[in-house]
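Readers should treat all values here as calculations from the given coordinates under stated rules, not as data from a laboratory. Note that the structure is predicted; figures quoted are calculated from it, not measured. Here Cβ is always computed from backbone atoms with ideal geometry, including for glycine, and neighbour counts include all displayed protein chains.
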Amino acid sequence: MNDHCPSCQQDLAPEPGFYYGAMFLSYILTGWFCLAFVAVVHWVLGWSLISSFALLIAVTGILFVWFFRISRSIWIHINVKYAPKK
Ligand SMILES: [Zn+2]
């Protein structure tokens, strides 16, 4: 992760532990994703529960990096006001 935004120079680590709250966002996003994913694969596609969870583990193993980054992005968008340069 960059220390500063390449276009607006926003400090992306304003204080130690700034992204602690992003961990909770990541947990919420991942939890709802897992519920929805298994529901769709099991009920809509008709896979068995074991197969659905095996696929879920594989998919979340790939997507956890995306959840990590999007959670940090959402967290800094909540806490840092957008101030375009004039
Ligand atoms: Zn920026």
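Some values worked out for this structure:
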{"read-out": "Qualifying residue in segment 73-85 (condition: within 16 Å of the ligand (Cβ to nearest atom), within 11 Å of the chain's Cα centre (by Cα) and surrounded by 15 or more Cβ atoms within 10 Å (Cβ to Cβ))", "value": "yes"}
{"read-out": "Hits in segment 1-45 - residues which are surrounded by 12 or more Cβ atoms within 10 Å (Cβ to Cβ), small (Gly, Ala, Ser) and either more than 23 Å from Asn79 (Cβ to Cβ) or within 16 Å of the ligand (Cβ to nearest atom) (or both)", "value": "Ala13"}
{"read-out": "Only one of Ala58, Ala39, Ala83, Ala54 that is outside any helix (DSSP H, G or I) and aliphatic (A, V, I, L, M)", "value": "Ala83"}
{"read-out": "Qualifying residues in segment 46-57 (those that are surrounded by 11 or more Cβ atoms within 10 Å (Cβ to Cβ) and of a type in the set (Gly, Ala, Ser)) - the one farthest from Ser71 (Cα to Cα)", "value": "Ser51"}
